[in-house]
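Peer 1: Take a look at the following structure, please.
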Amino acid sequence: MEIDRAVQSPQTLAASGARDGVSTEAATTHTIRHARVIGFADLILFYLVTSVSLRWLATAAAAGPSSIVVWVIVWAVFYVPFALAVLELSSRLPNEGGLYVWSKHAFGDFAGFISAWTYWTSNLPYFPTLLYFAASNALFMGGPRWQWLASNRLYFLGFSILGLIFPTVLNVLGVNLGKWLNNLGAIAMWIPVIVVIALGLVSWHNFGSATHFTDASFVPSFQIKDLLFWSSLAFAFVGCEAPSFMAEEIKNPRRNIPRALIAGGAMITLVYIVGTVFVLLAVPSREVNEIQGLIQAITVSARHLNLLWLIPVCAFLIALSNLGTSGAYLGATARLPFVAGIDRYLPAAFGRLHPRFKTPDVAIWTQGLVAMLFVVLGQAGTSVKGAYDVLVSMGIITNFIPFLFVFAALIVVQRQPTAPGVVRVPGGKPVAMAVAIVGFATTAFALVLAALPSPDDPDKFLAVGKVIGLTAILIGLGVLLYWNGRKRAVAAVSSPPDP
């Protein structure tokens, strides 16, 4: 009887399937089992901590009131199609590995590996940007005495490396422990947003708006430098796919992932739009710092209202929220090289679980260590802000490549039968096809824009060279790893068994 690959986990497929004459027998000799420890509430917090980054409030506010309209446009043409694609694909294929499984199911082994590889590597420059933001905001804990560190490279390097070691260790020790950092990060993210809304309302009532809102100020610009900003805001909505990487550790994933995705999506959109408005009420858009904008708004409002004690508290919470995001992505994306290790496209060690903690410790440690390397590479020959811009651009490019596979996979699965209990895109096949096409086109456009340098970068050729060069190296390395892994799999099939 033919194996139904659409409803099996990568582990089961690895143990029982074969493709193109290459055995996909699992590299491990034991049965891999995951404890389902992530509940519905944990899942909503996971969506929030992976999909909301407070740094984007600063980026949006620096662009002025028109960013509010851009948020709505990007939400409509990218986030809604992407969330609907994740909703249906995660329900059709609720397996460990998420987009690795979806791309492999739709297009074969190579597509599955490359989509997972580019997504995994996209987080290597993404972690430093998160931690640069956390480090920058943490300076407000010490008031003016610490601000001299704002342009100190060694401070940012040290903070980022320590900020990677801590969540890496927690994730190695287990999902039950690591999820508490994720949950704390999500809660810590909400408190500064609530504070900036409350302070913004009081400041607006007492002193008026710091930003002048007019009809003209809400009209977005379509110049190249402004379109670069649009691609950044599309990247801000990324994250709803991450929990699906850990589907076999989620309680009742086919039911809970879609429910949590809908609830979390509403909260994510609210945070971005409302948060941007209240940052603009507190700080003139021309004065917003793209790395410190949220804490900057809190600082201005707190000084006006003589509530200075709020500044270090909120600075700590913003830093904590980004540590939580870092921990959530470290844990989730490590499942990609884990399932690739099971399929023998990476060394067998990636496909093993720690004997005591039952976590893919090799994948987690590897990701943490290579992310530390990117912290150092991002600083080479540039300023703190220059490093931040280069890392953001690299993260966007390599992160958007697998999303092209996701939208294309949504089109492919429309030709396949639907198992009982699968949650489909509302409206069925015609709507699913439409949202997939819109999402694919938006993603491709944002990917091209992300390669362009920031207008204020002092060395644009160096910035473009670093972004494109490092991206090409990462993708090329992934292709080499795939073909080497394929050769190992062929050799394993061809070798006669031991007598």
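Peer 1: Restricting the search to the range 213-269, which residues are closer than 18 Å to S53 by Cα and in contact with a Lys or Arg (Cβ under 9 Å, 6 or more places away or on another chain)?
Peer 2: A236
Peer 1: Return the total of residues in the range 205-218 being surrounded by 12 or more Cβ atoms within 10 Å (Cβ to Cβ) and under 34 Å from the mean Cα position of the chain (by Cα).
Peer 2: Residues that pass the stated criteria total 7.
Peer 1: Evaluate the range 228-243: report whether one residue or more is under 20 Å from the mean Cα position of the chain (by Cα), farther than 17 Å from V74 by Cβ and not polar (S, T, N, Q).
Peer 2: Checked against the condition, which is being under 20 Å from the mean Cα position of the chain (by Cα), farther than 17 Å from V74 by Cβ and not polar (S, T, N, Q), the range 228-243 yields at least one hit.
Peer 1: While we're here: Just name the residue that is nearest to A41 (Cα to Cα) out of those in the range 237-267 that are of a type in the set (A, V, I, L, M) and surrounded by fewer than 22 Cβ atoms within 10 Å (Cβ to Cβ).
Peer 2: Step by step, filter the range 237-267, then rank; the result is A263.
Peer 1: Shifting gears a bit: Can you go through S221, S244 and tell me which one is under 28 Å from A446 (Cα atoms), modelled with pLDDT under 85 and not in a helix (DSSP H, G or I)?
Peer 2: S221
Peer 1: Please verify whether the range 264-281 includes one or more residues that are more than 17 Å from S321 (Cβ to Cβ) and free of Cβ contacts under 8 Å to residues at least 40 places away in the same chain.
Peer 2: There is at least one residue in the range 264-281 that is more than 17 Å from S321 (Cβ to Cβ) and free of Cβ contacts under 8 Å to residues at least 40 places away in the same chain.
Peer 1: For a quick check of your reading: which helices (runs of 4 or more DSSP H) sit entirely within the range 79-192 and have at least 3 residues that are more than 30 Å from Q414 (Cα to Cα), modelled with pLDDT of 85 or more and of a type in the set (F, W, Y)?
Peer 2: Answer list for the range 79-192: 153-173.
Peer 1: Now, a different point. Looking at the range 277-326, which of the residues that are in contact with a Ser or Thr (Cβ under 6 Å, 6 or more places away or on another chain) and outside any loop (DSSP other than H, G, I, E, B) is surrounded by the fewest Cβ atoms within 10 Å (Cβ to Cβ)?
Peer 2: Among those residues, the one meeting the criterion is H304.
Peer 1: Please find, within the range 388-434, the residue that is surrounded by the fewest Cβ atoms within 10 Å (Cβ to Cβ) out of those that are among the charged types (D, E, K, R) and at pLDDT 85 or above.
Peer 2: Looking at the filtered set, the residue picked out is R415.
Peer 1: Moving to a separate point now. Cβ-Cβ below 6 Å, separation at least six or inter-chain, first residue in the range 106-123 and in contact (Cβ under 8 Å) with a residue 12 or more places away in the chain and under 13 Å from L346 (Cβ atoms), second surrounded by fewer than 21 Cβ atoms within 10 Å (Cβ to Cβ) and among the hydroxyl-bearing types (S, T, Y): which pairs?
Peer 2: These pairs meet every condition: F113/Y482.
Peer 1: Just give me the residues in the range 375-384 being buried (at least 16 other Cβ atoms within 10 Å of the Cβ) and either at pLDDT 75 or above or β-branched (V, I, T) (or both), in sequence order.
Peer 2: Listed by number, the residues that qualify are V375, T382, V384.
Peer 1: Next question. Tell me, please, whether a residue that is more than 15 Å from the chain's Cα centre (by Cα) and crowded, with 24+ Cβ neighbours inside 10 Å can be found in the range 105-114.
Peer 2: Yes - at least one qualifying residue is present in the range 105-114.
Peer 1: Just to verify a result, which residue in the range 353-371, among those that are polar (S, T, N, Q) and in a helix (DSSP H, G or I), is surrounded by the fewest Cβ atoms within 10 Å (Cβ to Cβ)?
Peer 2: My answer is T366.
Peer 1: Let me confirm something: among A27, A76, A15, A35, which residue is modelled with pLDDT under 85, part of a helix (DSSP H, G or I) and surrounded by fewer than 23 Cβ atoms within 10 Å (Cβ to Cβ)?
Peer 2: A15
Here's the yes/no breakdown for (1) modelled with pLDDT under 80; (2) closer than 13 Å to A63 by Cα; (3) among the β-branched types (V, I, T); (4) touching an Asp or Glu at 6+ places or on another chain (Cβ under 9 Å):
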{"residue": "V277", "(1), (2), (3), (4)": "no, yes, yes, no"}
{"residue": "P284", "(1), (2), (3), (4)": "no, yes, no, no"}
{"residue": "V288", "(1), (2), (3), (4)": "yes, yes, yes, no"}
{"residue": "I295", "(1), (2), (3), (4)": "no, no, yes, no"}
{"residue": "I298", "(1), (2), (3), (4)": "no, no, yes, no"}
{"residue": "A302", "(1), (2), (3), (4)": "no, no, no, no"}
{"residue": "L310", "(1), (2), (3), (4)": "no, no, no, no"}
{"residue": "A315", "(1), (2), (3), (4)": "no, no, no, no"}
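The values are calculated or read from the model by the stated rules, or taken from the named source; none is laboratory data. Note that the structure is predicted; figures quoted are calculated from it, not measured. Here Cβ is always computed from backbone atoms with ideal geometry, including for glycine, and neighbour counts include all displayed protein chains.
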